[in-house]
Amino acid sequence: YKVLPELVKGLDYGTANFRVLGPILDVGATMEDGEFLRLVGPSVIKWFASPDRSLRRNLLENLPAIVARFDDATVNDRIFPHVADGFEDKSPVLR
């Protein structure tokens, strides 16, 4: 309850790099859905809009575990548009 919020803030404000996403999701996997959505959910949605390719790549690699936590409307309206924008990315890994 002390480390997770700091990791999330670090990724939100750019003081941490994409490598903290793994530990965030590992800790998040032990949480109930409501708690995950309250502590991590808003930031995850924001991270999908990030221009950081490494972060977006890691989010895409963990996409099944992430979208399982959100309701369908949130996935369709707030996450999928950013995933779809990735199909126009110059990087073949992201496409």
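The values are calculated or read from the model by the stated rules, or taken from the named source; none is laboratory data. All figures in this text were calculated on a predicted structure; none of them were measured in a lab. Cβ sites come from the backbone with ideal geometry, for glycine too, and all protein chains shown count toward neighbours. Side chains are part of the model used for accessible areas, which takes the heavy atoms of the whole protein and leaves out ligands, DNA and RNA. Shrake-Rupley method; radii C 1.70, N 1.55, O 1.52, S 1.80 Å.
Would you be so kind as to identify which of ASN76, GLY10, GLY28 lies farthest towards the positive end of the dipole of the chain, taking Lys and Arg as +1 and Asp and Glu as -1 on Cβ and the Cα centre as origin? The residue sitting farthest along the positive end of the dipole is GLY10.
Loop-located chymotrypsin sites (Phe, Trp or Tyr not before Pro) across the range 1-34 with a Cβ neighbour count of 11 or fewer within 10 Å are TYR1, with loop assigned by DSSP. Computed over the chain, relative contact order equals 24 percent, with contacts defined as Cα pairs under 8 Å that lie 6+ residues apart. First compute the accessible area of the chain with a 1.4 Å probe, then give the percent of it belonging to carbon and sulfur atoms. Ligands and nucleic acids excluded, carbon and sulfur give 54 percent. Quick check: Cα centre of the range 51-95 to Cα centre of the range 17-44, how many Å? Here the two parts' Cα centres lie 15 Å apart. What you get for the chain, charging only the Cβ of Lys and Arg (+1) and of Asp and Glu (-1), is a dipole of about 360 debye around the Cα centre.
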